[in-house]
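A short reminder: the numbers here are calculations on the coordinates, not readings from a lab. Note that the structure is predicted; figures quoted are calculated from it, not measured. Counting neighbours? That spans all protein chains shown, and the Cβs are built from the backbone with ideal geometry, glycine included.
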Amino acid sequence: MDRFLELVALSKVYPTPEGPAVIVKDFELTLRRGEFVTLIGHSGCGKSTVLSMVAGLNSISDGNVVLDRREIMGPGPDRGVVFQAPCLLPWMTAFENVMLGAVQVYPHASRSEREHLVEYYLSVVGLGDAMHKRPGALSGGMRQRVGIARAFALSPKMLLLDEPFGMLDSLTRMELQDVLLELWGRDQKTALMVTHDVDEALYLSDRVVMMTNGPAARVGDILEVNLPRPRDRSTVLDHPDYYRLREHLIGFLADQDERRARDAA
């Protein structure tokens with residue numbers, strides 16, 4: 001197996017006045033090069049904690065994260081991160097926000113080469129006519145398009161997406177899922193995404209990793225999504241395996257609900 005990303009016995013513990021709070025414990029997962037994997041689970045189970053440790057934005061209490069045979073020790077441009085709320089500098093235009101990263105990643109490229117790169121990705125995400133507007137003049141969906149363009153423009157080894165469409169209305173959400181799939185399909189960067197949406201997970205993923213409830217959350221089950229690519233929504237919904245896969249995910253989440261209710265009783 002191509003072990004492009006390896007999460008080995010990954011754990012996160014926070015000290016509290018009542019003692020150590022174990023959020024994630026012995027989390028084990030391997031991603032193949034070019035694979036799109038989503039993490040799903042109930043709120044508070046540690047999905048974003050795992051993603052932030054892979055991004056190098058949260059310290060690792062125990063275990064290792066290995067990307068392309070090198071252990072991750074902190075944040076770096078080899079991982080493009082898209083957050084739920086895009087972190088854009090409000091005094092810069094969309095173009096300038098994306099260019100800021102391009103200058104850091106391509107210091108030896110000419111100005112015209114960097115400009116072409118930034119224009120290309122902003123055009124692909126549908127901002128060709130709005131790239132010189134500041135974030136305050138853009139809708140939430142348009143700002144998230146800037147975040148996606150910025151992540152791809154860095155040409156990272158992998159993408160990390162933390163519920164990037166969670167704050168958007170359903171129509172915009174579906175539009176941006178298609179934008180993400182189109183961009184991902186061009187060079188199939190390895191992607192790890194956090195979501196709480198079962199249908200989103202199935203539409204985007206090669207595999208869906210289901211997390212148990214916290215504390216001490218871990219991998220509870222992994223579902224292979226063998227729906228054909230490239231994908232469009234109608235073809236996916238009409239596929240004979242779609243509702244079987246969907247029922248599997250919903251069944252796992254329902255089981256976690258029952259376990260949580262028993263533990264609370």
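Contact order normalised by length for the chain, with contacts defined as Cα pairs under 8 Å and 6 or more residues apart; what percent is it?
25 percent.
Which percent of Cα-Cα pairs in the chain sits in each 10 Å bin, short to long?
7, 28, 34, 22, 7, 1, 0
What residue among MET53, MET99, MET174 shows peak mean-square fluctuation when the chain is described by a Gaussian network model with Cα springs under 10 Å?
MET174
Suppose we keep just the DSSP beta bridges with both residues in the stretch 118-265; what percent of those would be antiparallel, to 5?
Around 50 percent of the beta bridges assigned by DSSP in the stretch 118-265 are antiparallel ones.
Share of antiparallel DSSP beta bridges in the chain, in percent to the nearest 5?
Of the beta bridges lying entirely in the chain, close to 50 percent run antiparallel.
Across the chain, how many lysine pairs, 8 or more positions apart or on different chains, have C-alpha atoms separated by under 13 Å? Please give the number.
Number of lysine pairs found: 4.
So which residue, out of ASP221, ASP187, ASP197, gets the largest mean-square fluctuation from a GNM of the chain using Cα contacts under 10 Å as springs?
In this elastic network of the chain, the residue with the biggest mean-square fluctuation among ASP221, ASP187, ASP197 is ASP187.
Using Cα-Cα distances under 8 Å and only pairs 6 or more residues apart, what relative contact order does the stretch 1-52 have, in percent?
Relative contact order, the stretch 1-52: 36 percent.
What net charge do the residues around LEU127 carry, taking every other residue with its C-beta under 12 Å from that of LEU127, with Lys and Arg at +1 and Asp and Glu at -1?
For residues surrounding LEU127, the net value is +2.
Give me D for the stretch 123-189 in µm² s⁻¹, whole number, from Stokes-Einstein with Rh from the Kirkwood sum over alpha-carbon pairs, 37 °C and 0.692 mPa s.
Roughly 264 µm²/s, to the nearest whole number.
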